[in-house]
Amino acid sequence: MYRRLSLIVISLFLASLLVVSGAAAQTATPDNPDQSELLKNSKDAEFILRNFKTMYVDALYAKYFDSEQMKAALGRNKGFAALHIRMVDDPRVADVVLKISYTFAWDYPFELWHQNTTTVLLAGKGIGPFSGPAGAASVAYEFVNAVKEHRAIPKDKQK
């Protein structure tokens, strides 16, 4: 019985590795329609972080929650509205993609990457012990904190 259980655990582990490795494939899409013209050909990560307007949320590989729940968690986060980021349902029109995955037990690593260059702009990790709503809320909180420092207007530029 233990041998059969260990074989099942090993096969599940190997299958999860295949899924995660397939999620890492990204392709650059510099000629997609309707992306912000200002960012279309930019390669400066800091400039992109300060100025992107649209974001596609991809939680396909997150366990216990999906993209819709992640968008809802971002919408509920009080700091998200201040970032002036619009979530879109079509990845072809997004400036950036927020990709959330799942590792083990309660870790939800995320990365934000630029559509046109596939440059990773920032990465972080949310936590949620075997809980979708808690994991999505944690990722939203960590994402907002990571992005807001890049989108803040410097004090010398404020009037």
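The values are calculated or read from the model by the stated rules, or taken from the named source; none is laboratory data. Every value quoted in this text rests on a predicted model; they were computed, and no experiment measured them. Using ideal geometry, Cβ is built from the backbone for each residue, glycine included, and neighbour counts are taken over all protein chains shown.
Candidates in the stretch 58-83 are the residues that are of a type in the set (G, A, S) and more than 16 Å from V147 (Cα to Cα); of these, the one that is surrounded by the fewest Cβ atoms within 10 Å (Cβ to Cβ) is A72. Pairing residues of the stretch 106-129 that are at pLDDT below 90 with residues that are assigned to a strand (DSSP E or B), at Cβ distances under 7 Å and at least 6 apart in sequence or on separate chains, gives W106/I127; Q115/V96; Q115/V97; G128/Y108. Could you tell me whether any residue of the stretch 62-80 is in contact with a helix residue (DSSP H, G or I) (Cβ under 7 Å, 6 or more places away or on another chain), at pLDDT below 90, more than 22 Å from A140 (Cα to Cα) and not in a strand (DSSP E or B)? No - not one qualifying residue is present in the stretch 62-80. Against the numbered list (1) in a helix (DSSP H, G or I); (2) under 19 Å from R50 (Cβ atoms), W113 comes up short only at (1). If you check T103 against the conditions, is it modelled with pLDDT under 95, surrounded by fewer than 17 Cβ atoms within 10 Å (Cβ to Cβ) and within 23 Å of E46 (Cβ to Cβ)? No, not satisfied.
Of R92, R86, all but one fail to be at pLDDT 65 or above, in contact with a strand residue (DSSP E or B) (Cβ under 7 Å, 6 or more places away or on another chain) and surrounded by fewer than 17 Cβ atoms within 10 Å (Cβ to Cβ); the exception is R86.
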